[in-house]
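Student: First the structure, which I've put down as structure tokens, then a few questions once you've had a look.
Bear in mind that the values in this text are calculations on the coordinates, not laboratory data. What you see is a predicted model; the values in this text were computed from it and never measured. Positions of Cβ are backbone-derived with ideal geometry, glycine not excepted, and every protein chain shown enters the neighbour counts.
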Amino acid sequence: MTLTTAPQPPAQTTSATVVVPAEVAGPIFVCDEGISFWGGVHPETAEIIDRMHPQCGQSLAGKVVLMPTSRGSCTGSGVLLGLTFAGTAPKALVFRESEDILTLGALIAGTLFDHPVAVLRLGAAAYDRLAQQSQAQITATELSAGPLSLPLAPPTAAALELSATDRALLESAQGAAARTAMQIITTMAAATGATRLTDVSRVHIDGCIYAGPAFLTFARAMADLGARVRVPTTMNAISVDHANWRAQGVAEDFGLPASQLADAYVEMGARPSFTCAPYLLADRPVQDETIAWAESNAVIYANSVLGARTVKHADFMDLCVALTGRAALSGVYLDEHRAPRRILEVTPPAEPDDAFWPMLGWLAGQAAPDRIPLLTGLEATRPSEDDLKALCAAFGTTSAAPMLHVAGITPEAARPPAPQADRVRIAKADFARLWQRFNLAEESVDLIALGSPHFSAAECAAFADLMAGARVHEDTTALITLGRNTLDTIAGNGTKARLEAAGIRLVPDLCWCSISEPVFPPAARVLMTNSGKYAHYAPSLSNRAVRFGSLAQCAEAARTGRASATPPAWLDAAPA
């Protein structure tokens, strides 16, 4: 990738803000790039398990961790909370850019469970100076590291304007759970510099994925306080097939708490939609609708493709907003924060297949890890909604940004770029390198993994067409994860019967980022997927080798048990 920079204004480099105070000390660990704690950090040991991260294999436990900002999944807040329960959390997190997901996890760990993790935000110069030291000590008012001593100030925030309803919630008018939720919302609002809250029309809960006891502890505590959602609330994919996990052989010590976690959210009034693709539901948001979604791919799709408005809400914040119907008016809820800050120049191949879009999403996120990009050069293409779904999901694995724009395609792409926006060129060589990176495994394939994010009815029908007259190879398993609504649709139109006749398994409720053995075939050694998101996360989440390809290549591998050894024709023919 080639970067062309615009003149930059003078940076405020000496600021040092304590966002979540705690008195801690420990060795300094500098992350070379951001990381998603979900899928990138072991939820019990804090070892970096993201195989594509340059520091994979190193531990964050007990350290003062510096990183520009986090990226990826909204579930990172819950993973951090779980690490505090296990005693393996970082002592502190020090960011250079704004960050909400891990910050919320630290806030809840300290205030609700007395497991302190400090969170700081430093200007560029202070961050770079701290990165040169080996040990740090943090108090509520000072950061000390070798010769470096920095005073810490609380976030600069104007008075938060609260409505009469907000104040009533803080005064327990709607019960202890709503009061706790509003306290968390107002604390985080102050940290982000918000001056008021906004109503939201709907919420999508991501915290229903079971990644450890902390998730159930939080949900059960809120439910036991009498929590009830105040706005329509859908639920993300969960960690088990709710109705069938015992019959599938899932261990009781995992399946029971995972199902109890889902039940706790249903008890609080959430709809058991159990999908990581809520935009596939019939009543999806419309342009300019103010919503509160968690689940990174859904947030990016809602903002980018639907033109709705939501920040990337962390796990646990999603429930707080659902219980109050209110969210901090900050980030991409506001027009001024939706402008692109980097222009990505893409020269598309003449006749790409569907593998192009997830690869482009992954590369776009890598090129714009901390800012909203505008992708240009694609105006003559005609991506389907499923192509855009794949683009957004893969983008979310490598970028912290909650949206992207595609010139000529997405509804807000005509927004003028920020004055200091720079340019990056994504070239054919970048696609070629990514193809190799996604295809390091041997060609013999044991598992075809489809549905990350959940497959749509159109994708199910397309795969049924590709498998028409054939069956899955006897040594290979083909498995599609999908939402209940999609399963009902394909059961009614005959697609389900066609897929099952070809030997394809359909599993509702869970998704590939939450699947576990034995639903995930224990004997599988190499999987193949058409998802850029899962190609990134699968090596760390499943501990399996991965192949990646188009939907047609996945069908070929399902029939033959072997992945193609050659890149797609469009990659060979693409402009340099």
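Student: Considering only DSSP beta bridges whose two residues both sit in the range 424-576, what percent are antiparallel, to the nearest 5? Provide the component values of the computation, followed by the final result.
Tutor: Details: 1 of 18 bridges.
Antiparallel bridges: around 5 percent, rounded to the nearest 5.
Student: For the range 528-576, what log10 I(q)/I(0) values come out of the Debye formula at q = 0.14, 0.18, 0.24 1/Å, with one point per alpha carbon and no solvent?
Tutor: Treating every Cα as an identical point scatterer, log10 I(q)/I(0) equals -0.40, -0.62, -0.93.
Student: Using +1 at the Cβ of each Lys and Arg and -1 at the Cβ of each Asp and Glu in the chain, identify which of 233, 570, 162 lies farthest towards the dipole's positive end.
Tutor: The one lying farthest along the dipole's positive direction is 162.
Student: Let me ask something else about it. In a Debye calculation with equal point scatterers on the alpha-carbon sites of the chain and no solvent, what is log10 I(q)/I(0) at q = 0.05, 0.07, 0.10 Å⁻¹?
Tutor: The Cα Debye sum returns log10 ratios of -0.19, -0.38, -0.81.
Student: Report, in degrees rounded to the nearest 10, the 0 to 90 angle that the Cα long axis of helix 484-493 makes with the longest principal axis of the chain.
Tutor: 20
Student: If you take all C-alpha pairs in the range 245-288, what percent of them are over 17 Å apart?
Tutor: For the range 245-288, the share of Cα pairs beyond 17 Å comes to 52 percent.
Student: With a cut-off of 8 Å between alpha carbons and a minimum separation of six or more residues, what is the relative contact order of the chain in percent?
Tutor: About 14 percent, as a whole number.
Student: How would you classify the range 95-187 from its alpha-carbon gyration tensor, with a ≥ b ≥ c the square roots of the eigenvalues: rounded for a/c under 1.5, else prolate if a/b is greater than b/c, otherwise oblate?
Tutor: Details: a/c = 3.11, a/b = 2.24, b/c = 1.39.
Judged from the Cα gyration tensor, the range 95-187 comes out prolate (a/c at least 1.5, a/b above b/c).
Student: Next question, about the same structure. Per the Cauchy relation, a quarter of the hull surface: what is the mean projected area of the convex hull of the alpha carbons in the range 448-528, in nm²? Provide the component values of the computation, followed by the final result.
Tutor: On the way: hull surface 20.2 nm².
Spelled out: convex hull of the Cα atoms, projected over all directions, averaged, 5.0 nm².
Student: Given 333, 479, 60, which one lies farthest toward the positive end of the charge dipole of the chain, if we put +1 on the Cβ of every Lys and Arg and -1 on the Cβ of every Asp and Glu?
Tutor: Comparing the listed Cα positions along the dipole, 333 ranks first.
Student: R0 = 30 Å: FRET efficiency of residue 425 with residue 128, Cβ-based, nearest 0.05? Intermediate values should be presented prior to the final figure.
Tutor: Numbers: r = 27 Å, r/R0 = 0.91.
The calculated FRET efficiency here is 0.65.
Student: If you take every DSSP beta bridge whose two residues both sit in the range 138-236, what share of them, in percent to the nearest 5, is antiparallel? Intermediate results must be reported in sequence, preceding the final value.
Tutor: On the way: 5 of 9 bridges.
Counting only bridges with both partners in the range 138-236, antiparallel ones make up about 55 percent.
Student: Can you list the HN-Hα couplings for the range 275-288, worked out from phi with the Karplus curve (6.51, -1.76, 1.60; θ = phi - 60°), rounded to whole Hz and with x for Gly and Pro?
Tutor: 9, 8, 10, x, 6, 8, 5, 5, 9, 6, x, 10, 4, 6
Student: Which pairs, out of 389/533; 312/428; 63/312; 496/533, put more than 22 Å between their alpha-carbon atoms?
Tutor: Pairs exceeding 22 Å: 312/428; 63/312; 496/533.
Student: Looking at the range 135-241, which GluC sites (Glu not before Pro) are in a loop (DSSP not H, G, I, E or B) and have at most 11 other Cβ atoms within 10 Å? Write out the running numbers ahead of the final one.
Tutor: Numbers: sites: 142, 161, 171; in loops: 171.
Listed in order of number, the matching sites are 171.
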